[in-house]
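Quick note: the coordinates plus some simple rules give every number you see, no bench work behind them. What you see is a predicted model; the values in this text were computed from it and never measured. Cβ: placed from backbone, ideal geometry, glycine included. Neighbour counts: every protein chain shown.
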Amino acid sequence: EVTSNFVFGLPKAELHVHLEGTLEPELKLSLAQKNQINIGFETIQDIRKTYNYNSLSSFLDVYYSGMSVLQTEGDFYRLAMEYFKKAKENNVRHVEAFFDPQAHLTRGINFDTFINGYYRACQDAKALNVDAHLIMCFLRDMPAQSANEVLLMAQHHREKILGVGLDSDEHHNPPLKFAYPFSNAIAQGYHTTMHADVDQVDSIEHIKQALEIINVERIDHGTNIVENDDLVDLVKKTQLGLTACPLSNKFISDDYKGKEILELLDQDIKISINSDDPAYFGGYISDNYLALAKNYELTVEDVIEFAKNSFKTSWISPVQKNIYL
Ligand code: ADE
Ligand code: ZN
C-alpha cells in the first residue's frame, strides 16, 4: 500500500513547476499590501473563490492576473524560496523550475529584477539540500520575435539558466512557430522542453512538431501520445521524458489522466509526476502522487518508477544522477 509517509519521504526530482504558479494566496495578499497593489480581493477566501477554472485559458487568466503583485527582486526571491521550502518538505532533491519572463517584462519589470531574485533563491536552496535550476519559458501566445528578444536579454545571464521551454495558451500556437528561437537556444547550449497540455486542439500534431522538427529533450504533459502508437514508439525509443501533472489535469480536463499515465508507465515510457502550478491546483508534488495512488491503485513499485524517471529525465550530470538511481 502506498502511504503518505512513503511518498513524502521518497527522494524525487521536480521537472515541471512554474515558479509563478507557486504563488500562494497568503503571499499574494502580503505582497499586494507591501507593494500597494489593488488585486480586487481582501481575503484569502475571496482569492480562492476565483480558483475554479475548467480549461487552460480560464486558468491562465487567473494565473497572469495574480502576478501583478511581484515587483522587486526581493519579491521574486521570496516566491522562489517559499517554493524551495515546500520542495524540501516533499524530499525533492532536484528542481528544474519554469519561469515566464514575458509575463513580467510586459508589466514593466526588468529582466535583471526577476532573474537575479530567482537565481539567488536557487543558490540559497543549496542550504536546504535542494539542487535548484531555472528553465526560461517563452509564452507561445506572443510573437516568435518576442521570444527572440527574450533570448537576447538572457545572454547576459546565460549561466543562470539551464534550459528553455514553451508554455501559455496552446491554441493556434504550434511548436513550429518557435522553430527559430528554439534552434538558436539549442545552438547556445540550452536544454529544451515544450508544453503539450492535456486534450488541447491539435495536440498530436504539436507533439510531432516538438519531437521531429524542434528536437526537444522532454515534453511537458504530452500524455495525449497514448492516442498514437507511432508516437508512443518514438518516445519510447528516444527515452524522452514526459512530465505529467495529475492535479493540473483534473482542472484543465476534469480528469487526472491516471489511466493514460499508468498505461504509458507500463509501456516503459519515462514519465514522471510533477506539480505544474501547485498554488492554483491544490497540491504540491507528493499530493500529485497521492491523488493517483488514491484513485488508480498505484503500487509502491509504480511510485518508485515515477521517482526514478524524474531523475533519469532530469538535466543533472550523469555522475550526479548515479547518486539517485
Ligand atoms: N503556464 C503555467 N502553467 C501552465 C500550463 N499548465 N500550461 C501552459 N502554460 C502554463
Ligand atoms: Zn506547466
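Here is how the numbers come out for the structure above:
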| item | result |
| --- | --- |
| Paramagnetic label zone (point 7 Å from Cα along Cα-to-C-beta, K259; backbone N under 13 Å) in the range 284-312 | 296 |
| Net length gained if the chain between E205 and H157 were fully extended (0.36 nm per residue, minus Cα distance) | 13.9 nm |
| Under the Karplus curve 6.51 cos²θ - 1.76 cosθ + 1.60, θ = phi - 60°, whole-Hz ³J(HN,Hα) for the range 288-298, x wherever Gly or Pro sits | 5, 4, 5, 4, 5, 4, 6, 9, 9, 6, 4 |
| Net charge of Cβ neighbours under 13 Å - reference Q123; Lys, Arg +1; Asp, Glu -1 | 0 |
| Hz values of 3J(HN,Hα) by residue in the range 23-31 - Karplus curve (6.51, -1.76, 1.60), Gly and Pro given as x | 6, 6, x, 4, 5, 4, 5, 5, 5 |
| Efficiency of FRET between Q145 and N5 - r from beta-carbon atoms, R0 51 angstrom, step 0.05 | 0.55 |
| Inter-label distance for K88 and D266, nm, one decimal - labels placed 7 Å from Cα along Cα-to-Cβ | 4.0 nm |
| Among P318, A103, I44 - extreme Cα towards positive end, dipole of the chain, charges at beta-carbon | P318 |
| Sequence-separation-based contact order of the chain, relative, with Cα cut under 8 Å and 6+ spacing, percent | 21 percent |
| Share of alpha-carbon pairs per 20 Å distance bin for the chain, given as whole % | 34, 61, 5 |
| Positive-end residue, the range 4-316 charge dipole about Cα centroid, Cβ charges, pick of A154, I214, N184 | A154 |
| Average Cα contact separation per residue, the range 73-171, under 8 Å, 6 or more apart, as relative contact order % | 33 percent |
| Protection-proxy order for peptides 34-40, 87-93, each taking the mean of Cβ atoms within 10 Å per residue, highest first | 87-93, 34-40 |
| Sorted peptide list for 182-195, 281-294, 46-59, 10-23, criterion being average Cβ within 10 angstrom, highest first | 10-23, 281-294, 182-195, 46-59 |
| Computed magnitude of the charge dipole of the chain (debye, nearest 20; Cβ of K, R +1, Cβ of D, E -1) | 1080 debye |
| 21 Å Cα-Cα reach of K308 towards lysines, excluding residues that sit fewer than 8 places from it in its own chain | K12, K86, K88, K236, K237, K257, K259, K270, K294, K321 |
| Note, ³J(HN,Hα) from phi for the range 309-316, Karplus 6.51, -1.76, 1.60, rounded to Hz, x at Gly and Pro | 4, 5, 6, 4, 9, 6, 9, 7 |
| Eligible aspartates and glutamates near K208 by straight Cα distance, threshold 16 Å, same-chain separation 8 or greater | E170, D197, D199, E217, D220, E227, D229, D230, D233 |
| Amide H contacts under 5 Å for D199, placed H, 5+ residues apart | N224 |
| Two-site label geometry, N215 and I39: point separation in nm, points 7 Å out along Cα→Cβ | 4.2 nm |
| Distance (nanometres) between label positions extended 7 Å along Cα→Cβ at S30 and S317 | 3.6 nm |
| Burial ranking of peptide ranges 210-219, 223-232 (average Cβ count within 10 Å, highest at the top) | 210-219, 223-232 |
| Gap separating the Cα centres of the range 270-308 and the range 1-30, nearest whole Å | 10 Å |
| Helix-derived mean residue ellipticity, 222 nm - over the chain, DSSP H n ≥ 4, -39500 (n - 2.57), to 500 | -14500 deg cm²/dmol |
